[in-house]
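K.L.:
Okay, here's the structure, questions in a sec.
The values are calculated or read from the model by the stated rules, or taken from the named source; none is laboratory data. None of the values given here were measured: they were computed from a predicted structure. Cβ sites come from the backbone with ideal geometry, for glycine too, and all protein chains shown count toward neighbours.
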């Protein structure tokens, strides 16, 4: 019998497993400390989700409200969401290799976008790294230019692509 995968809201108790998965998925120059993830979860838990299989974390999505004009700085804890936040910023999504090609990334994203729609956010933005732009294009994101480049590309890397999509538009 196949082991069931479950998407559920992220909890503080998931952070150690999130960091462990981050360590296996991303090169070390992208590893963010626990304080960064904890700050995002504390401010915007309703937008953050995990995939589990028999109580083992197999994937996660961190997102939070932000301004659609530019991404937040990488490796920086967020003390508060800007008052004029109008976008859901997808901070990070990672899936264990055993869970890829099962539409789980799309399901995590749809869970977070549904929460964004309920919160009245008009669009979603993200920074695609490590050749992930193709995946995000299939989810309805389009390349765009940040209005302020103070944080971009910076630590995101020279191949980083800032992208945006409406919250209410279904992905292709």
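K.L.:
In segment 82-108, what residues are under 18 Å from residue 140 (Cβ atoms), touching a residue at least 60 places away in the same chain (Cβ under 8 Å) and under 11 Å from the mean Cα position of the chain (by Cα)?
P.N.:
The answer is 88, 108.
K.L.:
If residue 17 meets every condition in (1) surrounded by fewer than 19 Cβ atoms within 10 Å (Cβ to Cβ); (2) touching a strand residue (DSSP E or B) at 6+ places or on another chain (Cβ under 6 Å); (3) under 29 Å from residue 146 (Cα atoms); (4) modelled with pLDDT of 95 or more apart from one, which number is that one?
P.N.:
(3)
K.L.:
Of everything in segment 19-41, what is closer than 21 Å to residue 7 by Cβ and more than 15 Å from the chain's Cα centre (by Cα)? Give them in sequence order.
P.N.:
20, 24
K.L.:
Still on this structure: Identify, from the list 168, 145, the residue that is surrounded by fewer than 14 Cβ atoms within 10 Å (Cβ to Cβ), outside any strand (DSSP E or B), modelled with pLDDT under 85 and touching a helix residue (DSSP H, G or I) at 6+ places or on another chain (Cβ under 9 Å).
P.N.:
The unique qualifying residue is 168.
K.L.:
Can you tell me which residue is surrounded by the fewest Cβ atoms within 10 Å (Cβ to Cβ) among those in segment 119-136 that are over 18 Å from residue 70 (Cα atoms) and in contact (Cβ under 8 Å) with a residue 12 or more places away in the chain?
P.N.:
Filtering first and then ranking leaves 131.
K.L.:
Would you tally the residues in segment 33-71 being more than 19 Å from residue 120 (Cβ to Cβ), out of contact with any strand residue (DSSP E or B) (no Cβ under 6 Å at 6 or more places or on another chain) and buried (at least 16 other Cβ atoms within 10 Å of the Cβ)?
P.N.:
Matching residues across segment 33-71 total 5.
K.L.:
Anything in segment 1-12 that is over 23 Å from residue 88 (Cα atoms) and part of a helix (DSSP H, G or I)? List them, or say none.
P.N.:
The answer is none; no residue qualifies.
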